[in-house]
Amino acid sequence: MPIVITNSSATVLLVVTLLGQVPCAWAKPDARQQTISDAAATAKEQCYKHMYRDSNAYAQCLRDLRHTQNGSSLKKLGVEYFAYVGALSYMRVGHMNAEQIAAEFLKDYRLTQKKVGISDADLCSTIPGDCTVRMAQTHEMEATPPKPVGVRVQCIGRVCSMAPVP
């Protein structure tokens, strides 16, 4: 039995074929975005584990990693942007010092972002998550930066830790 293609079935076939190709184009980041994404993944792998127990170790790990990027502004941006996004994540649960770390790396990544010339949307897409929410939080933090928090050593028994000044 021969296959009969009508105008409507040809249109459907064409639309299905085109739709099957479009998502592939959207899914592939350009080379710059991929470099940023790879650097962010490295930052996550090497430093994010510190944030839960010691936010200062997290921030220092990222500062150190940023300085090893051998002059690559894209890799530096990936590290700085991940540092910001990671701290932003912990801000949502009220983790001590997360807001100050986010503010520090927000300022840093904005300077690098300007040098690189990448849009907020393209940068946001390099790290998985809800970009609409993340970019809104970013603009809010830029509009009302957090106040510096003083810290002091607090000892209970023989266990000492850093605590915010009341």
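The values are calculated or read from the model by the stated rules, or taken from the named source; none is laboratory data. Please read all numbers here as calculations on a predicted model, not as lab measurements. Counting neighbours? That spans all protein chains shown, and the Cβs are built from the backbone with ideal geometry, glycine included. The accessibility values were calculated without ligands, DNA or RNA, using every heavy atom of the protein model including side chains. Shrake-Rupley method; radii C 1.70, N 1.55, O 1.52, S 1.80 Å.
Tally up the carbon and sulfur contribution to the accessible surface of the stretch 92-138 as a whole percent, 1.4 Å probe, everything protein left in place.
The nonpolar share, carbon plus sulfur, comes to 59 percent.
With r as the distance between the Cβ atoms of GLN154 and GLN60 and R0 = 30 Å, compute the FRET efficiency 1/(1 + (r/R0)^6) and round to 0.05.
Values: r = 21 Å, r/R0 = 0.70.
Here the calculated transfer efficiency is 0.90.
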| request: Any of LYS49/LYS115; LYS44/LYS75; LYS76/LYS147 with alpha carbons more than 23 Å apart? Name them for me. | output: LYS49/LYS115; LYS76/LYS147
| note | Highest mean packing first, using Cβ neighbours within 10 angstrom, the peptides 91-97, 107-113 sort as 107-113, 91-97
| task | Would you mind calculating the relative contact order of the stretch 64-166 from Cα pairs under 8 angstrom and at least 6 residues apart, reporting the percent as a whole number? | result | 19
| task | Between MET135 and GLN46, with labels modelled 7 Å along Cα→Cβ, what's the label distance in nm to one decimal, could you check? | result | 2.9
| task | Give the accessible surface of the stretch 56-166 per residue, rounded to a whole number of Å², with probe radius 1.4 Å and ligands, DNA and RNA excluded. | result | 57
